[in-house]
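What follows is a set of notes on a single structure, which appears directly below.
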Amino acid sequence: MKTFEVSKSNDMLERAKSVIPGGIYGHYGFSVRDTGPKFFSRADAAHFWDLDDNRYIDYMCAYGPMILGYGHPKVEEAANKQLRQGNTVSLASPAMVELAEVLVDMVSAADWALFGKNGGDSTALAVMIARAATGRRKVIKVTDGYHGVAPWMLGNRLGTTETDTQDVLEVAWNNTTELQGLIDQHPGDIAAFISSPYDHPVYRDNTLPAPGYWQQVEALCKKNDIVLIVDDVRAGFRINLAGSNREYGFTPDLICFGKAIANGHPLSALTGCDALRQTAQEVYFTGTQFFNAAPMAAAKATLQELQKIDAANLMTQIGSTLNQGLVNIASTHGYKLIASGIPAMPYYRLDGVSYETHVAWIDECVKRGVYLLGYHNHFISTAHTETDIQLTLEIVDEAFSALGPLSAHAPHEAKL
Ligand SMILES: Cc1ncc(COP(=O)(O)O)c(C=O)c1O
């Protein structure tokens with residue numbers, strides 16, 4: 001198979017650099033690779049095409065939003081119908097109410113819902129509600145847990161000050177002894193514990209909750225009147241449609257959703273329990289675009305379709321098949337591939353090789369039409385077909401041949 005030419009993408013990147021700092025910024029910027037595509041021309045189902053008209057089977061799904069396939073007819077029809085009726089208008093839309101009804105019905109721990117645009121809107125609101133409800137300042141998050149780009153979420157990154165993060169404490173994932181220790185060190189001053197349902201950091205294997213972990217966290221939060229926030233922005237709808245907490249057997253006070261909720265239309269949501277309803281009403285939360293009706297109509301159609309096709313279980317099956325196939329192919333080439341996290345969001349790492357070798361393998365896959373990333377978990381959608389998986393495995397087989405045998409890459413301690 002010929003490898004892809006990406007000269008039109010490269011030309012566009014050069015053009016971009018003169019008018020956009022860095023050309024492509026944020027997480028899209030991190031992912032730019034010399035030999036890979038930089039800009040898309042179109043997308044459909046589980047595929048996108050780059051500017052050079054190369055087709056990729058997309059295992060990043062726009063970093064999560066695409067869950068039913070690009071351009072899903074039912075979602076687009078609902079969004080377009082609402083667009084024709086009105087989108088950004090001086091009043092709220094019934095689409096907002098209908099969507100909240102669907103979400104409250106579907107998510108077991110949800111008694112109400114509020115909507116924003118990005119996942120970071122919902123995590124910021126969750127923390128404000130927790131602080132307002134408890135009258136406390138401090139928030140405990142998991143080390144390397146990502147919750148968006150508000151300064152308090154970012155740690156000591158460029159453009160933030162120490163005061164931004166002075167009320168944020170960090171605890172190791174799966175470690176309730178440390179959590180208890182932090183609570184003891186700050187008696188009566190912890191407003192919230194915020195965490196994704198399982199640990200999905202970048203550059204590291206992803207880790208599921210240890211048996212009993214979430215039950216212990218829930219008990220600690222209850223005992224100390226700490227608001228328990230699940231950040232389901234990334235994993236939401238890919239583990240369990242009733243909320244990822246259902247899979248792990250516990251009940252949070254607030255759940256943050258985003259990414260996949262509207263199959264790529266801009267929307268996020270915070271759901272909560274009755275006890276926090278009054279505070280949720282009192283905390284000031286708004287944005288010019290928060291009331292756009294078309295993304296809400298798209299979200300309603302997305303959630304209904306997800307339920308209709310039992311999407312979380314379907315993606316778990318597709319992801320498991322893909323993982324098994326990739327692990328087998330790797331081993332026929334003498335490599336050990338580790339697939340961690342949940343099957344619908346697999347994180348891949350070639351074991352016992354340097355990060356450079358791992359990324360060289362990823363580049364060989366991308367150059368042939370399988371879009372993977374070297375440092376991040378991947379995403380499965382319901383639009384990935386058996387044919388897509390079969391073709392992926394053939395391409396990955398070729399990518400390993402192009403990489404050459406393990407012995408050609410001096411063995412390293414895994415650095416990922
Ligand atoms: C777990 C988690 N929370 C919050 C966010 C922030 O979402 P957004 O980028 O839509 O603001 C992300 C984004 O990747 C995320 O993965």
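The values are calculated or read from the model by the stated rules, or taken from the named source; none is laboratory data. Everything numeric here is computed off the predicted structure, so don't read it as measured data. With ideal geometry, Cβ positions are generated from the backbone for all residues, glycine too; neighbour counts draw on all protein chains shown. Accessible surface areas use protein heavy atoms only, side chains included; no ligands, DNA or RNA. Shrake-Rupley method; radii C 1.70, N 1.55, O 1.52, S 1.80 Å.
Counting heavy atoms of the protein chains alone, Ser195 has an accessible area of about 0 Å² for a 1.4 Å probe. Rolling a 1.4 Å probe over the protein heavy atoms of the stretch 73-308, with every protein chain left in place, gives an accessible area that is 51 percent carbon and sulfur.
Rolling a 1.4 Å probe across all protein chains gives Arg368 an accessible area of roughly 30 Å².
Tell me the Kirkwood hydrodynamic radius of the stretch 73-308 in angstroms, computed as one over the mean inverse distance between distinct C-alpha pairs. Intermediate results must be reported in sequence, preceding the final value.
On the way: mean 1/r = 0.0551 Å⁻¹.
Evaluated on the stretch 73-308, it is 18.1 Å.
Within the listed set Phe30, Phe291, Phe400, the Gaussian network model of the chain (springs between alpha-carbon atoms below 10 Å) gives the highest mean-square fluctuation for Phe30. Every Cα-Cα pair of the chain was included, and the share exceeding 28 Å stands at 51 percent. Between Thr177 and Glu14, take the C-beta separation as r, use R0 = 60 Å, and let me know the FRET efficiency to the nearest 0.05. Efficiency, rounded to the nearest 0.05: 0.70. Take the Cα of Asp351, go 7 Å toward its beta carbon, and the backbone nitrogen atoms of the stretch 300-331 under 17 Å from that spot belong to 323-331. Using C-alpha pairs under 8 Å with a sequence gap of at least 6, the mean separation divided by the residue count of the stretch 73-308 gives a relative contact order of 34 percent.
Pick from Leu125, Leu154, Leu228: which residue has the top mean-square fluctuation in a GNM of the chain where Cα pairs under 10 Å get a spring? Of Leu125, Leu154, Leu228, the most mobile in the Gaussian network model is Leu154. With both labels modelled 7 Å from their Cα along Cα-to-Cβ, the Thr385 to Asn313 distance reads 2.4 nm. Averaging Cα coordinates gives a centre for the stretch 366-398 and one for the stretch 157-236; these two points are 33 Å apart.
For the stretch 108-152, the gyration tensor built on C-alpha atoms gives an oblate shape. Its axis ratio a/c (a ≥ b ≥ c) is at least 1.5, and a/b is not larger than b/c.
Longest exposed-loop-site-free stretch of the chain, with GluC sites (Glu not before Pro), DSSP loop and at most 16 other Cβ within 10 Å?
On the way: sites that count: Glu5, Glu413.
Longest stretch, sites excluded: 6-412.
In the stretch 73-308, a dipole from Cβ-located charges (positive for Lys and Arg, negative for Asp and Glu) runs towards its positive end, and of Gln281, Ala92, Gly258 it is Ala92 whose Cα lies farthest in that direction. Between His358, His265, His333, the residue with the greatest mean-square fluctuation in the GNM of the chain (Cα pairs under 10 Å linked by springs) is His333.
The calculated Kirkwood hydrodynamic radius for the stretch 261-416 is 18.3 Å, given to one decimal from all distinct C-alpha pairs. Computed from the Cβ-Cβ distance with R0 of 45 Å, the FRET efficiency linking Met1 to Glu282 stands at 0.15. The Cα-based radius of gyration and maximum Cα-Cα distance (Dmax) for the stretch 1-71 are 12.5, 36 Å. If the cut-off is 24 Å between C-alpha atoms, which lysines fall inside it for Lys117, apart from same-chain ones fewer than 8 positions away? Within the straight-line limit of under 24 Å, Lys117 reaches these lysines: Lys74, Lys81, Lys141, Lys259, Lys300.
Rolling a 1.4 angstrom probe over the protein heavy atoms with all chains in place gives the chain an accessible area of 44 Å² per residue.
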